[in-house]
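**Q** Take this structure first; my questions come after.
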Amino acid sequence: MKYIPGGGNQRTGFATIVVLLLFLGGVILITLGMIGEYIARIYMEVKNRPLYITKETNLIKDNIKESNIEREEREDA
């Protein structure tokens, strides 16, 4: 028998329990990571934001010009 600092009786199965606890802890962490990814994807979908944002479009300018022209025509009439 090897000398263990602190003395005492050696317990059988200690290494097995430690290995099982580490394995199960790893499984739990991986599962939590998967759940986190799933929730993050749901959150991004719920925000309903566009994939990209453009600085400016001609469509918006054209609509503003048309609405200004229509407003001026109504004011003139």
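The values are calculated or read from the model by the stated rules, or taken from the named source; none is laboratory data. Not measured: the values here are computed from a predicted model. FYI the Cβ positions are ideal-geometry reconstructions off the backbone, even for glycines, and counts take in every protein chain you see.
**Q** Go through the residues of region 50-73 one by one and say whether even a single one is of a type in the set (K, R) and modelled with pLDDT of 70 or more.
**A** no
**Q** Would you confirm whether or not region 15-27 contains a residue that is at negative phi, surrounded by fewer than 10 Cβ atoms within 10 Å (Cβ to Cβ), in a loop (DSSP other than H, G, I, E, B) and modelled with pLDDT under 95?
**A** There is no residue in region 15-27 that is at negative phi, surrounded by fewer than 10 Cβ atoms within 10 Å (Cβ to Cβ), in a loop (DSSP other than H, G, I, E, B) and modelled with pLDDT under 95.
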